[in-house]
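The values are calculated or read from the model by the stated rules, or taken from the named source; none is laboratory data. Here the structure is a predicted model, which is why all the values come from computation and not from measurement. Every residue, glycine as well, gets a Cβ built from its backbone with ideal geometry; the counts of neighbours run over all protein chains shown.
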Amino acid sequence: MNTQTSPGKSRFAGVWFALRMVEVRLRFIAILVGLGLVIGYWDTIQNYWDHYTKPAVSTASNVASGTEFYCPMDPSVIRDSLEPNGSVPKCPICGMPLSLRKKGAPMVLPPGVVGRVSLSPNRVRMAGIRTSEIGLRPMEMSIRTVGVVAYDESHQSQIVSRIGGYIEKLFVDTTFVQVNKGDALAEIYSPELYTAVQELKVASQISNSNLSKMAREKVRLLGIEDQEIDSMLQSGDGKYRVIVRSPASGFVIRKMVQQGSTVTPGQLLFEVADLAEVWIEADVYERDLSLVKVGQEIEATVDAYPNEKFKGTVSLIYPELDPATRTNRVRFDVDNAERQLRAGMYAMVTLSTPVQQTEPFEAMLVSTQISPTNREAAIVKQAVCPVTGAKLGSMGAPVDVQADGQTVYLCCPGCESAIAKDPQKYLSRIRTVSENAVLSVPETAVIDTGDQKIVYVEREPGTYEGVIVELGPRSNGYYAVISGLLPGDQVAAAGAFLIDAETRLNPAASASYFGASGGPSSGGASSGGASSGGASSGGASGASSDPNAAMPMDTTKSTSSSESEKVNFATSRLTEDELAEIGKLSPEDQKLAKLQVLCPVTMEPLGSMGKPLKVTVGDDAVLVCCKGCLNSVKKNPEKMLELVRRWREANAAP
C-alpha cells in the first residue's frame, strides 16, 4: 500500500530543516565570538582570576623601617615593602630583583653614568635640545702638510769620463736641456785611446787570440762600443775620439765641462735627471706619526696646477726627529708622467688614514674575528648589554640567549623579551667597528670636563643620562667612539652643554629653570650630582613613604599645562610597535590609551612592555604597561586615577 505525504507536512519539514540549519550556524558563530572575546579579554580575565583566587593577606610584609627597594637601572621604580608572598619585588621594567637602600640615600646611578635629569617638553624646546641617533660611519684622519718637490735620486745619472783627454766638441752646451737615452753629449780626443787602438791593431795581426782579446777589452773599458772598435780597425782612420752619450732620458741638470776643457779619468762631466717620478719631502708633527705608514697613498697639489691632483705613496719615514721643530721628515714618491712637477716647487700633501686602521680600533676589529674559547672570554669581549648599554656583570650574572643563531649576553632577564622581539636591532648594537666604518658621535654632543668626556643620552622622552665615554680621534665634526656608547643611542647633539652646566653646577637652578622633575631624596642635595640622581628615567622624585608616589606629575603637583606638554611630547614619540600593541585593545580602550599615553607607575609609554592592561577603578579605568604595575594601582587607585584623568583632559584639550 502506497502512502502519500501531504503537501502541508512536506512544507513543514522543509521549514523545520531550514531552522535547524540556521540554529547550527548560529551556534558555530556564537562559539567563534566567544573564543574571540576570551582571547581579546584574556588579560582582564587573568587579572580577575588572580584577584579572586590569591590567598588574602592582611598586610604586606614590610622591610626594616627607614629602608626601601629601588631599581638601579630605573630609579623611578621604588617599593617600600616585600611582595605578599614575602619575596623581594622585581622591577616591572627590566624584571630584575630590586635593591635595598636607606630612605633618603643618594641615588645610586649605573656604572659609567654621572647624572640623570628629566625635562619637560617645553623646557626641552626652550633649551634648544636636539637629539641625534648615532651609528657606524666611515671616518678618516687627514694630515695636511707642505712639502718641496725634489729629484728622485733613483732616477738620476752621473756621467764621468773613463779616459783622459780634451773636450773637442760639446753637443749639449747648456744645462736643463732635455735629452733621450743614447743622445751624444760630448766628444773627447784622447791620446790614451790612440795608444790602445794601435796595440789592438798589432795584436790582431799576431796569431794570438788571448792577446787580441785583452787589447780589445782595454779599448772597450775606455768607453768605446764594439761597433766603433770594429769601424776603427776596418777604416784605419785617425779619429781616435770618444763620444760621451746619455745613459737615460731626462734633463741635463749639471754640466761640469766647457769646450776645450781637459778631462781626467773619473771626472764628472754631466748629470741627467728623469722627472717621470719625483720626490716630495715634507715634515710631519710628532703627534701625527702614528697615522703615517710606508706604502700609504697620498695626494698632492701645487699652485701652478691647482685643479690637478698628483698621486703618490709614502716611501720613507726618516729615522730621526728634528729636536727644534719636533717634526719628522717624510718622503713621498709621486708620479709625474707629464713632467708638470718641477724641483723646488711647494706642494700641499694630504694623507688620509681610515680610523679603523688606527689603534685601538684596529685591535678591536681583529678581536671581532676571533672566536672566544669560553663563556668568560665571550662576556669580556662583548662587555656591554646591547639592550640597556649597561656593563655585563653590573646587574648580576649575565644571561645568555640565542638571537639569529648567535649567542648574546644580557645584563638581566628583563632584556630577553626585547631582543627576542627585534634581534637584528640589538645585534647591530654589539659591534662598534667594521672594516670600513666606526661608531661616531657628533662633537657638539661631547662635554669635555678636563678629567673626562661626557655625552648626554636620551633614555626616554625628555630624560637624559650623562654617560662617561672614551673617544678616539676627531674628524669632520665627529669623534670616533672607543667605549661608553652603542649604535642606536639617541644623544643630545644640541644643547648638551646647557644640560650639563645646569645639572652639574647649579642643581637648584636646573630644577627651577629647566623643569627637572623631582629632586634629591629627603629634600637634600646629595653629593656627586644630586640633581642627576634625583631626577630619574621616569622623572621620579625623592623617596616617599608611598612607593607609588614617586611620580613627577603627582608628587611635585605640576601644572596641567606642564602635564599636557609631557603627554603631547610622549604621544609624538610613540613608536609604531607601541601603537601596534595599543591597537590590540578594544576601540574604547584604544581611545583611552592614546589620551593617557603613559603608565602612571613606571612612566613608560603604553605598549612599550606589550599589550597594555586595564584596571577598573570605580566607574573609570586606568591602563598600565605591564602586569607588575597592577598591584601599585590597586594600592593607590584614587591617586592613580586622578593623575590619569588630568593627563587625558590635557591631551583631549584642543
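Couple of notes before you dig in:
- Residues satisfying the stated conditions in segment 319-375, i.e. hydrophobic (A, V, I, L, M, F, W, C) and assigned to a strand (DSSP E or B): 321, 330, 332, 334, 347, 348, 349, 351
- Residues within segment 403-418 that are under 24 Å from residue 581 (Cβ atoms) and surrounded by fewer than 22 Cβ atoms within 10 Å (Cβ to Cβ), tallied: 6
- Going through (1) in contact with a strand residue (DSSP E or B) (Cβ under 7 Å, 6 or more places away or on another chain); (2) free of Cβ contacts under 8 Å to residues at least 40 places away in the same chain one by one, residue 177 falls short only on (2).
- Matching residues, segment 614-641, being farther than 18 Å from residue 585 by Cβ, among the charged types (D, E, K, R) and crowded, with 16+ Cβ neighbours inside 10 Å: 639
- Scanning segment 411-448 for residues that are closer than 30 Å to residue 126 by Cβ, more than 12 Å from the chain's Cα centre (by Cα), touching a residue at least 40 places away in the same chain (Cβ under 8 Å) and not in a helix (DSSP H, G or I) returns 446, 447.
- Residue match in segment 270-291 (condition: more than 25 Å from residue 341 (Cβ to Cβ), of a type in the set (Asp, Glu) and surrounded by 12 or more Cβ atoms within 10 Å (Cβ to Cβ)): yes
- Some residue of segment 267-289 being over 30 Å from residue 196 (Cβ atoms) and without any contact (Cβ under 8 Å) to a residue 40 or more places away in the chain: yes
Matching residues to (1) within 22 Å of residue 399 (Cα to Cα); (2) surrounded by fewer than 16 Cβ atoms within 10 Å (Cβ to Cβ):
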{"residue": "425", "(1), (2)": "yes, yes"}
{"residue": "429", "(1), (2)": "yes, no"}
{"residue": "432", "(1), (2)": "yes, no"}
{"residue": "440", "(1), (2)": "no, no"}
{"residue": "470", "(1), (2)": "no, yes"}
{"residue": "480", "(1), (2)": "no, no"}
{"residue": "484", "(1), (2)": "yes, no"}
{"residue": "487", "(1), (2)": "yes, no"}
{"residue": "495", "(1), (2)": "no, no"}
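- Single residue of segment 334-383 satisfying the filter (over 27 Å from the mean Cα position of the chain (by Cα), among the charged types (D, E, K, R) and surrounded by 12 or more Cβ atoms within 10 Å (Cβ to Cβ)) that is nearest to residue 297 (Cα to Cα): 335
- Total residues in segment 24-76, condition outside any loop (DSSP other than H, G, I, E, B) and at pLDDT below 65: 7
- First in segment 594-609 and over 15 Å from residue 633 (Cα atoms), second anywhere and outside any loop (DSSP other than H, G, I, E, B) and aromatic (Phe, Trp, Tyr), Cβ under 8 Å, 6 or more apart: 595/647; 597/647
- Residue check for residue 100: crowded, with 18+ Cβ neighbours inside 10 Å and either out of contact with any Gly (no Cβ under 9 Å at 6 or more places or on another chain) or over 30 Å from residue 351 (Cα atoms) (or both): no
- The C-beta contact set for segment 635-653 (first residue within 15 Å of residue 614 (Cα to Cα) and among the hydrophobic types (A, V, I, L, M, F, W, C), second residue part of a helix (DSSP H, G or I) and at pLDDT below 80, distance under 6 angstrom, 6+ apart or interchain) is empty.
- Criterion applied to 146, 177, 124 was being within 60 Å of the chain's Cα centre (by Cα) and under 30 Å from residue 466 (Cβ atoms), and the one residue passing it is 124.
- If you go through segment 384-400 and keep only what is surrounded by 17 or more Cβ atoms within 10 Å (Cβ to Cβ) and more than 23 Å from the chain's Cα centre (by Cα), you end up with 394, 395, 398, 399.
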